[in-house]
Structures are given as structure tokens and as C-alpha cells.
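Have a look at the structure below before the remarks.
What follows draws every value from the coordinates through simple rules; no lab data is involved. The structure presented is a predicted model; accordingly, all values stated were derived computationally and were not measured.
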Amino acid sequence: MTIRTLRTCLAAALLLLTAAAPLAAEDQPAAKGKAARAPKAPAIAPRTKGKLKPVDINGAAKNELSFMLGIPEELAAKIIAGRPYHSKAHLLTRNIVTPEVYARIKDKVVAKQSGAIR
């Protein structure tokens, strides 16, 4: 009977020690040189108050096209070389961009018309 009681007490002590170890680690402050854990960022980005303005493919500079649309500068230069565009769909119909790239940027671009474009 005493061996059975001893085993039960040892099992209970082992359970308490394993359960208390994570709790003790949370209570200790971060060690010097190590940053404390930052809270996790939310899975969904918070809503912004407004949308970004679409980029005009007939008037934007190469670096603006590249940065705002997230495309390489070579592709931005190709877009500039194909100007003027009567609609943003001309990027696809004139084989300036691939269908995959067009699907990614079509909501971010417009083709504004100036008086010089006929």
C-alpha cells in the first residue's frame, strides 16, 4: 500500500511541475539583449479610410508605375513606350502585359484621356 501511495504522490508532483513550468516562464521578464515578445498582428489588416487613387498609365512616370503597381521598371518602361492608351484594356490587347499581370493591376490603373489623344 505504501508503494502505491508513493507512486501516486510522485505522479501528482510530476503533473504539477510540468503544468507550472510554462506559467513560470511567462512571469519572468525578458533577459537583457532579448526583446520582449510583441503581440501578434491581426490576421486581417485594419481598414483604411480611403482607397488609393488609380495610376494614370498615360501620364505616370516610370518610377511611379513601378512603385504603385508593384511591377519591374522594365515593364513600366514598356508601358510608357506603348502610350497613348484609350483604355486600360489596351495593356492586354497590345501585349504590353501578360493576362496574369493585367488581372493583378487592372483595379489600380486608369487611362485618362487628354485633349492631345485622338
Review point. How big is region 68-118 by Rg and Dmax over its Cα atoms, in Å?
Key: 10.7, 32
Revision key, fill the gap. Counting only residues 5 or more apart in sequence or on a different chain, those whose built amide H sits under 5 Å from that of VAL110 are VAL55, ASP56, ILE57
